[in-house]
Each structure stands twice: as C-alpha cells, then as structure tokens.
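Chemist: Before I ask anything, here is the structure I am working with.
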Amino acid sequence: SVDTVITIPNVYAYRELAKAVPEPGDLRISFVSDTAEFRSNLGVNNLSAEVADVAVSLLDTNGLVVARRSVSVPANGMRQINHILRDLEDADDVTGREGALLLHSSQPIRAWASQIDNVSLDPSLQRATSEGASRILVPSSALTERFSTALVISNLANRDARLKIV
C-alpha cells in the first residue's frame, strides 16, 4: 500500500460563537470597521467617582460575539482604544472585519466610535450616543484647513427641546 500525504495550505479553524445577550444599561455602537480604507477607535468616558470595568464585545452582523475584552476606565476619566477591532482580536494588521460593539459596565459610562479614514486620517465620521439621557459628550471637534466638524442633533421627543452647547 502507498501512503498519501495531503497538505492543506490554508487551514480553517471553526469555533462556536455565542449570541450576545444585552442587559439593561448596555451601550451598543452600531458600526465599527477595520478595513484597508477605514479603522475605528473607541472612546469611553466614566461618569462615576469609581473605576469602571467595561466589557467590550465585538458582534458580527448576526449578533454573535466574535471577540470580547475587559478594559478599565479611571474614575471620572476617559479611555481611548485606537484600532479597537485589532485590539479585540489581538491582530497586528488589518482584520477586514466590520460589526458592532456592545459595552457592559459596572459604572455609568458614555461611549463613542470614530471612523478614521486611513489615507487622509480624517476622523469625521463619529457616532456619539446618549439615548434617553439629558447630556451627551461629543468626543472632539475641529476647524482646520483639512477638517471641520458638523454637529447634527435629532430631537426624538414629541415636544420642543432646549439645548445648551458648552
């Protein structure tokens, strides 16, 4: 009998992914990416006088947890994680992944994701959310030769709203 050896150059490993189960108070950032064109950075503000432990989960388009990591945010502080998808997947280069983030925290937080154009470094596509809350932190603004910031505010209530921008 002749033994035949078969070599598979690109082997795939399969793993079972769990469905995300959001809890009340969890924050969801609807779109993040890590492609040749764009990358996402994550910012988290801790609104508490105690350290916040934040579980950050990357969800695929079916709501399955692809990666998860816990980060610590100082009391009344902020933590920014550049290349959040690479960080979550422990990758050194572009992952090609797109998805959503789910954040669960031991303390009240606000979070946002910035979409950064990898060529121009334009951080113009930012999503800051504060659904049902009376305050929102916009992570940054700019007015330079290359970049400017536009602010869009949507009133989802059925009555007039008064705004104070500081």
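The values are calculated or read from the model by the stated rules, or taken from the named source; none is laboratory data. Because the structure is a prediction, the values reported are computed rather than measured. Every residue, glycine among them, receives a Cβ derived from its backbone with ideal geometry; neighbour counts consider all protein chains shown. Ligands, DNA and RNA are excluded from the accessible area calculation, which covers all protein heavy atoms including side chains. Shrake-Rupley method; radii C 1.70, N 1.55, O 1.52, S 1.80 Å.
Chemist: Kindly indicate which of A20, A49, A13 is modelled with pLDDT of 90 or more, under 23 Å from D90 (Cβ atoms) and either small (G, A, S) or in contact with a strand residue (DSSP E or B) (Cβ under 9 Å, 6 or more places away or on another chain) (or both).
Modeler: Step by step, each of A20, A49, A13 is checked, and only A20 is modelled with pLDDT of 90 or more, under 23 Å from D90 (Cβ atoms) and either small (G, A, S) or in contact with a strand residue (DSSP E or B) (Cβ under 9 Å, 6 or more places away or on another chain) (or both).
Chemist: Same structure again: How many of the residues in the stretch 31-47 are closer than 18 Å to I109 by Cβ and open to solvent by less than 80 Å² (accessible area, probe 1.4 Å)?
Modeler: 8
Chemist: What do you reckon, is A55 at pLDDT 95 or above, more than 11 Å from the chain's Cα centre (by Cα) and aliphatic (A, V, I, L, M)?
Modeler: For A55, the condition - at pLDDT 95 or above, more than 11 Å from the chain's Cα centre (by Cα) and aliphatic (A, V, I, L, M) - is met.
Chemist: Turning to a different aspect of this structure: Quick check on the stretch 48-70: of everything there that is open to solvent by 70 Å² or more (accessible area, probe 1.4 Å) and out of contact with any Leu (no Cβ under 9 Å at 6 or more places or on another chain), which residue is farthest from R97 (Cα to Cα)?
Modeler: The selected residue is A49.
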